[in-house]
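Have a look at the structure below, then the notes.
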Amino acid sequence: MNEFKVITLCGSTRFKEQFIEIQKKLTLEGNIVISVGAFGHCGDNEVWTENTKAMLDRMHLAKIDLADEIFVINVDGHIGSSTKSEIEYAKATGKAVRYLEPVED
């Protein structure tokens, strides 16, 4: 068994700086962190072709499959539809879900 917890980051790619900051923080705490590979809301426009976006969405679910838990980057409480579906998927597959900011269930 691996001694390191694996955490997949989820959230809007508009929060690029927070993704980078949280990836560093969680890594220094002794976790293996899986993040997004492109920030479509921050200028990585190649994300927005239909086939690419669909592929990246499927890939992110595969990243959740690899993780012990997900960490949701919900700046100012923002959770968009893609992130909401990732949270639902994580819960359905038995993954723990943590949030940057508190949420009401």
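The values are calculated or read from the model by the stated rules, or taken from the named source; none is laboratory data. All values reported here derive from a predicted model rather than from experimental measurement. Using ideal geometry, Cβ is built from the backbone for each residue, glycine included, and neighbour counts are taken over all protein chains shown. Quick note on the areas: whole protein, heavy atoms, side chains included, nothing else; ligands and nucleic acids left out. Shrake-Rupley method; radii C 1.70, N 1.55, O 1.52, S 1.80 Å.
Quick rundown of the values:
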quantity: Accessible-area composition of the chain, carbon plus sulfur, in percent [1.4 Å probe]; calculated: 52
quantity: Heavy-atom accessible area order for Arg58, Arg98, largest first, 1.4 Å probe; calculated: Arg58, Arg98
quantity: Translational diffusion coefficient (Stokes-Einstein; Kirkwood radius from C-alpha pairs) of the stretch 59-103 at 4 °C, 1.567 mPa s, in µm²/s; calculated: 122
quantity: Mean Cβ count within 10 Å, highest first, over the residues of peptides 28-36, 71-79; calculated: 71-79, 28-36
quantity: For the chain, size of Cβ-based charge dipole, Lys and Arg +1, Asp and Glu -1, in debye; calculated: 140
quantity: Dipole of the chain, positive end: most advanced residue of Leu56, His78, Ala92 [Cβ charges, Cα centre]; calculated: Leu56
quantity: Computed P(r) (all Cα pairs; the chain; 10 Å bins; percent); calculated: 15, 50, 31, 4
quantity: Where Glu17, Glu50, Glu86, Glu104 fall by accessible area, highest first, once all protein chains stay in place (1.4 Å); calculated: Glu104, Glu50, Glu17, Glu86
quantity: Surface per residue (accessible, 1.4 Å probe) for the chain, Å²; calculated: 62
quantity: Probe 1.4 Å, all protein chains present, accessible-area order of Glu69, Glu88, Glu21, largest first; calculated: Glu21, Glu88, Glu69
